[in-house]
Amino acid sequence: MTIKQHSTSNELPHHGGKLIEFSLRYQRPIEQWVDLSTGVSPHHYPIPEIPASVWNRLPEDDDGLITAAQTYYQSDALLPVAGSQAAIQSLPHMIAKTQPTLTYILLPHTGYKEHQHAWQQYAEQSIQAVIFDFYLHKPTIEQLKTADVVVVINPNNPTALNVPPSEVLTWLNHIQDHSTLVIDEAFVDCTPELSVLPSFPTGVPDNLIVLRSVGKFFGLAGIRAGFCFASPLRLNILKQHLGPWTLSGPTRYVTTHALLNSNWQKKNRQRLHEEAQRMNQLLQLHFGQMAGSVKITSQILFHRVEISDSASWHHQLAKLGVFTRHCDENDALRFGLPANESQWQALTRALEQLKE
């Protein structure tokens, strides 16, 4: 489907995690909720004791964060950003500064809406008409050959589908010489074999931009940390655009520790895989045998249940204290992972009650 961009709504994309808002709406205290509305790991990296000097001094670039990130991500050319979101909303500016043509933007039909929103904002300010095209799971070769910017979310949020990195990298051979492939890998840490970054240890090529998030896998969404991988020229443009001190000193300190702690990473990855299997089994038990068209797809940190009366399910679960993410397309629910056994039991009871 192709949409020529004229004007767009100023409404911001919706997100999960608004527990205070739902607590007030459903008149239920915050501590009585099972919050599954985000794809953030319920198990956060243990916060180390932060020296007083880290709070007192301005952040410095040579504090060890860059080296820790280069080791963890297995790629050198990067820039720390305040969550991958900060890079997403700056992508049009960064790419426009280095690319002659930006009239055909290719996006996933279902995916993290901040990408589309950022390009819509760009389109409203552009003197040229901007055409948006959308693909389902994978772009076609024809789409790749004609697009100026191709956005890929791998693994996709919220569809939970993914594409092998070997296949994604072939798309670089199909895009035009002046075009750019953007890969959002915010949810890849649980399945690092899906990342393209190890293929570029000294830095990604000029026509590739890769985004990574710290908040999801490390359970540290509140510190707002992420990284952008791009050519040195584009990273410098992004750095100038964002200005100094994109990450606070405490954020840099905690992120450095988290990226260097491979033992914790290994244990957390194993724990999350086990919990994801448990969630998949639970959802299959309660939704898999239902009459009508129900489709369940699973990533590690979140699971999507496509169901015809998703709005009703979202409301009924909320009445029972289970906060899910009603997807933007109004056709599915996304479930994150419970934080503890008490929450697992509460979720199970709610599903059993609604199944009766």
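The values are calculated or read from the model by the stated rules, or taken from the named source; none is laboratory data. Worth saying up front: this structure is predicted, and the values here are computed from it rather than measured. Ideal geometry is used to build each Cβ from the backbone, glycine not excepted, and the neighbour counts take in all protein chains shown.
Yes/no matrix, rows are residues, columns are (1) within 22 Å of residue 345 (Cα to Cα); (2) of a type in the set (A, V, I, L, M); (3) touching a strand residue (DSSP E or B) at 6+ places or on another chain (Cβ under 9 Å):
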{"residue": "273", "(1), (2), (3)": "yes, no, no"}
{"residue": "287", "(1), (2), (3)": "yes, no, yes"}
{"residue": "302", "(1), (2), (3)": "yes, no, yes"}
{"residue": "308", "(1), (2), (3)": "no, no, no"}
{"residue": "317", "(1), (2), (3)": "yes, yes, yes"}
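The residues in the range 315-356 that are part of a helix (DSSP H, G or I) and among the polar types (S, T, N, Q) can be counted, and the count is 6.
A single member of 131, 105, 127 is assigned to a strand (DSSP E or B), β-branched (Val, Ile, Thr) and modelled with pLDDT under 95, and it is 131. Tell me whether the range 134-149 contains one or more residues that are part of a loop (DSSP other than H, G, I, E, B) and touching a Phe, Trp or Tyr at 6+ places or on another chain (Cβ under 6 Å). The answer is yes, given that some residue of the range 134-149 is part of a loop (DSSP other than H, G, I, E, B) and touching a Phe, Trp or Tyr at 6+ places or on another chain (Cβ under 6 Å). Restricting attention to the range 61-91, the residues that are without any contact (Cβ under 8 Å) to a residue 24 or more places away in the chain and in a loop (DSSP other than H, G, I, E, B) add up to 2. For the range 289-299, state whether one or more residues are surrounded by 13 or more Cβ atoms within 10 Å (Cβ to Cβ), outside the structural domain of residue 158 (by TED's automatic domain parsing), in a loop (DSSP other than H, G, I, E, B) and modelled with pLDDT of 95 or more. Taking every residue of the range 289-299 in turn, at least one turns out to be surrounded by 13 or more Cβ atoms within 10 Å (Cβ to Cβ), outside the structural domain of residue 158 (by TED's automatic domain parsing), in a loop (DSSP other than H, G, I, E, B) and modelled with pLDDT of 95 or more.
Note on the range 171-199: residues that are polar (S, T, N, Q) and within 22 Å of residue 101 (Cα to Cα) total 4. Can you find even one residue in the range 124-139 that is touching a residue at least 60 places away in the same chain (Cβ under 8 Å), among the hydroxyl-bearing types (Ser, Thr, Tyr) and touching a helix residue (DSSP H, G or I) at 6+ places or on another chain (Cβ under 7 Å)? No, every residue in the range 124-139 fails to be touching a residue at least 60 places away in the same chain (Cβ under 8 Å), among the hydroxyl-bearing types (Ser, Thr, Tyr) and touching a helix residue (DSSP H, G or I) at 6+ places or on another chain (Cβ under 7 Å). Out of (1) assigned to a helix (DSSP H, G or I); (2) closer than 21 Å to residue 234 by Cβ; (3) at pLDDT 95 or above; (4) over 18 Å from the mean Cα position of the chain (by Cα), what's the single condition that is false for residue 115? For residue 115, the failing item is (4). Here is the figure for the range 205-216: residues that are closer than 22 Å to residue 256 by Cα and either among the hydrophobic types (A, V, I, L, M, F, W, C) or free of Cβ contacts under 8 Å to residues at least 24 places away in the same chain (or both) total 3.
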